[in-house]
Amino acid sequence: MTDYSTIDFDSLVALAGEDEVVTHSFVRDIPLTAGKTLALITLDNGRDHTRPNTLGAATLLEYATTLDGLKARAAAGEIHAVAVTGKPFILAAGADLSKVAEIPDKETAKKFVQLGHYALAKLSEVGVPSFAFYNGLALGGGLEIGLHADYRTVDASAPALALPEVFLGLIPGWGGATILPNLIGIENALKVVIENPLKQNRTLKGQDALDLGIADAIFPSVTYLEDSLRWADDVISGRVKVKRPNEPGKVERLVKWDAAIGIATKMLKSRIGSVPQSPYAALDLMKAAKNGTRAEGFQREDEVLADLIAGDQLQASVYAFNLVQKRTKRPAGAPDKELAKKVAKVGVIGAGYMASQLALLFVRRLRVPVVITDIDQERVDKGVAYIAGEVDALLAKGRISPDEANRLKALVTGTTDMADFADCDWVIEAVFEELEIKQNVFAEIEPHLSPEAVLATNTSSLSVEQIGAKLAHPERLVGFHFFTPVAVMPLIEVVKTPHTDDATLSTAMVTAKNLKKNAVITADTPGFVVNRLLAVLLGEAMRAVDEGTSFETVDQAIAPLGLPMAPSTLLDLVGLKVGAHVLDTHHAAFPDRFYRSENLHRLADYGKLLEKDDKGKVKGFDKGAMKIVSGGKNARSADDILVSLQDGLAREVRLMLDEHVVAAPEDIDLCMILGAGFPFQMGGVTPYLDRVGASERVFGDTFHHPPIAGVGA
């Protein structure tokens with residue numbers, strides 16, 4: 001086993017320099033009953049709540065030294081317990097990710113991981129009972145601090161406890177992958193380590209931590225520290241016996257453990273494919289945690305985490321994380337938000353599925369009256385009923401209260417009289433994707449609207465400027481392209497035409513933010529960003545199929561991109577007619593670069609590509625569909641298809657940047673991450689194209705300087 005005490009960790013502090021915001025370990029003695037004393041460590045970096053405690057090299061070494069001192073005091077009989085907590089509302093947010101990403105090589109990465117084990121494990125070695133008081137935020141290494149204690153309490157109002165590492169291309173490598181499954185059982189641990197991070201980084205509240213068994217006791221915020229100290233006193237004295245019903249027993253280790261890992265592996269492959277490395281690495285570590293000692297588990301964590309820190313996927317994840325956390329807050333090209341008009345009532349043109357989803361989102365997020373319209377009362381009534389049904393479903397799931405459900409339903413009305421839109425501040429259309437239809441509905445409704453009202457179109461591929469060709473005031477029209485499902489997908493492409501004025505654009509950006517969506521401003525060009533690049537992908541896929549390559553091979557070829565679904569599944573999801581329309585639109589605009597597939601039109605007429613069972617589960621490809629696309633004589637290999645796709649994407653992204661469709665490569669990546677599900681661990685499309693050499697092959701340069709890649713060995 002690794003002897004951490006022989007490693008020179010001081011070099012890590014020197015490497016970090018003076019940039020680290022050190023989280024200090026402050027100790028004070030707390031008198032307990034029966035003449036005993038508890039030494040309480042409070043972690044505090046001296047900053048306010050906007051800068052959480054983090055765990056850098058200097059922080060970890062100070063923490064280790066503090067615990068060494070307390071171990072000596074415990075041996076001398078001066079103290080009888082040790083506890084660790086944090087500054088108000090925060091224990092720790094784990095390692096500073098930006099600093100981890102700056103680690104220069106694998107050797108340094110491994111030493112930093114070993115330092116974490118060296119320091120955190122000392123809490124379990126002080127020779128007296130040890131406690132962790134989760135007084136607030138505890139993420140990653142912050143949560144792992146407590147796992148090394150003998151006992152844990154949690155503040156009932158703690159906002160977020162989590163191990164988010166696999167979302168960021170890492171694993172819980174300071175004991176989390178080893179200790180947690182042995183503390184709360186393998187199924188609960190899989191939820192915390194794998195399932196939650198991959199569900200948009202879902203976190204635990206205080207009660208969740210107690211229910212899972214991460215914490216042994218929970219106390220209200222007002223008296224949290226006093227209650228935790230009193231409880232610790234009772235544990236030390238024997239007045240409280242701690243029971244842990246979720247700790248795995250022999251049956252779980254013999255039967256359930258490996259089965260749970262197997263189920264989780266299958267789930268991951270179906271949901272995220274095999275490209276992301278960290279979830280599978282975490283599964284391997286958790287599987288191995290069933291047997292052996294903690295020390296053996298820590299050594300495995302050292303090796304795996306060092307590899308991941310030095311690899312491409314961490315750097316890509318940090319890049320993507322910064323885009324989503326920072327660039328979305330300051331969108332490129334956004335006018336001053338003070339120019340935005342107030343939106344106190346929303347009008348939705350259309351009452352079909354997409355329009356109803358939009359109406360539901362607007363009423364839930366903005367809490368303003370929403371009126372919908374369509375060509376007849378039957379359609380309007382159906383749309384209003386759908387929205388009411390969705391609100392009732394939220395109520396049934398406990399996500400809203402009965403009062404809130406009643407308020408939301410009361411805010412939604414339907415009409416066939418466009419005069420009822422007169423007091424709307426924001427009017428969005430979501431009618432059939434045909435230019436003339438969209439032009440006519442706007443031209444028809446404009447005379448009924450206030451001169452200040454903003455008009456928005458949810459078109460996915462048509463020219464926004466052309467949609468507004470019949471408007472008297474095209475300057476108040478903006479593209480507002482959602483992705484489906486509307487409630488889930490976080491991106492809106494805000495499309496600026498040559499006529500769109502700053503007040504309209506500002507209103508669109510502020511409205512997107514109020515809808516809790518992330519907005520990227522794009523030029524008015526076919527497909528904008530996401531659909532233009534997906535058209536490259538679908539076009540390359542259909543070209544290969546038309547030439548005689550099987551759909552299975554095409555799906556296999558494109559799998560290395562790590563997209564959430566294969567081309568065949570994507571076509572099935574969006575609809576074959578929509579897919580054909582997207583390719584037609586782009587081929588018409590750029591015939592030399594975008595492929596049009598006659599076979600895709602035949603499939604659309606046939607109406608089916610995948611064969612499914614009664615529950616909607618895909619069984620394979622429909623035989624009739626395969627006959628339609630058969631006949632090609634020049635089947636291509638998966639490798640050839642992938643290289644062609646990479647080069648096609650690199651060419652199109654370069655052209656989009658040259659045409660100023662968006663401001664920078666970062667905006668392309670934001671759109672693909674948030675709108676197409678491009679995985680964090682790929683970093684978006686442009687870092688990927690740099691790493692695989694497509695950028696160099698196509699235009700002799702890279703999108704990023706230097707390319708976003710790992711440090712290797």
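The values are calculated or read from the model by the stated rules, or taken from the named source; none is laboratory data. Computed from a predicted structure; not experimentally measured. Quick reminder, even Gly has a Cβ in these numbers, built from the backbone with ideal geometry, and neighbours come from all protein chains shown. With ligands, DNA and RNA removed, areas are computed over all heavy atoms of the protein, side chains included. Shrake-Rupley method; radii C 1.70, N 1.55, O 1.52, S 1.80 Å.
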Report yes if some residue within segment 133-148 is open to solvent by 10 Å² or more (accessible area, probe 1.4 Å), in a helix (DSSP H, G or I) and either modelled with pLDDT of 95 or more or among the hydrophobic types (A, V, I, L, M, F, W, C) (or both); otherwise report no. no
Sort out which residues of segment 663-702 are within 20 Å of Val275 (Cβ to Cβ), assigned to a loop (DSSP other than H, G, I, E, B) and open to solvent by 10 Å² or more (accessible area, probe 1.4 Å), and write them in order of number. Gly677, Pro679, Val692, Gly693
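Please specify each residue of segment 319-352 satisfying the condition of being part of a helix (DSSP H, G or I) and within 18 Å of Asp667 (Cβ to Cβ).
If the condition is that a residue be part of a helix (DSSP H, G or I) and within 18 Å of Asp667 (Cβ to Cβ), then Tyr319, Ala320, Phe321, Asn322, Leu323, Val324, Gln325, Arg327, Thr328, Lys329 are the ones that fit.
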Hits in segment 115-132 (condition: over 18 Å from Val235 (Cα atoms) and open to solvent by less than 20 Å² (accessible area, probe 1.4 Å)): Leu115, Gly116, His117, Ala119, Leu120, Ala121
Pairs, first within 18 Å of Ala559 (Cβ to Cβ) and open to solvent by less than 50 Å² (accessible area, probe 1.4 Å) in segment 611-640, second part of a strand (DSSP E or B) and not basic (Lys, Arg), C-beta under 6 Å, six or more apart: Gly620/Glu611
Scanning segment 1-29 for residues that are hydroxyl-bearing (Ser, Thr, Tyr) and in a helix (DSSP H, G or I), the one surrounded by the most Cβ atoms within 10 Å (Cβ to Cβ) turns out to be Tyr4
So Arg543 fits all but one of (1) of a type outside the set (Phe, Trp, Tyr); (2) modelled with pLDDT of 95 or more; (3) under 24 Å from the mean Cα position of the chain (by Cα); what number is the exception? (3)
Residues located in segment 337-361, provided they are over 20 Å from Ala503 (Cα atoms) and not aliphatic (A, V, I, L, M): Gly350, Gly352, Tyr353, Ser356, Gln357
Name the single residue that is surrounded by the most Cβ atoms within 10 Å (Cβ to Cβ) among those in segment 228-253 being touching a residue at least 60 places away in the same chain (Cβ under 8 Å) and not hydrophobic (A, V, I, L, M, F, W, C). Ser228
Here are some residues: Asp96, Asp105. Which one is charged (D, E, K, R), under 34 Å from the mean Cα position of the chain (by Cα) and surrounded by 19 or more Cβ atoms within 10 Å (Cβ to Cβ)? Asp96
Mind listing just one residue for me: the one in segment 353-381 that is outside any helix (DSSP H, G or I) and open to solvent by 40 Å² or more (accessible area, probe 1.4 Å) and, of those, nearest to Glu404 (Cα to Cα)? Arg367
Against the condition modelled with pLDDT of 95 or more, under 24 Å from Thr585 (Cα atoms) and surrounded by 17 or more Cβ atoms within 10 Å (Cβ to Cβ), how does Thr507 come out, does it pass? no
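Yes or no: Ala385 surrounded by 12 or more Cβ atoms within 10 Å (Cβ to Cβ), part of a helix (DSSP H, G or I), more than 30 Å from the chain's Cα centre (by Cα) and on the phi < 0 side of the Ramachandran plot?
When the stated conditions are applied, Ala385 passes them.
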Test for Leu455: is it at pLDDT below 95, among the aliphatic types (A, V, I, L, M) and in contact with a helix residue (DSSP H, G or I) (Cβ under 6 Å, 6 or more places away or on another chain): no
So, of the residues in segment 36-84 that are of a type in the set (Val, Ile, Thr) and open to solvent by 10 Å² or more (accessible area, probe 1.4 Å), which turns out to be nearest to Leu15 (Cα to Cα)? Thr54
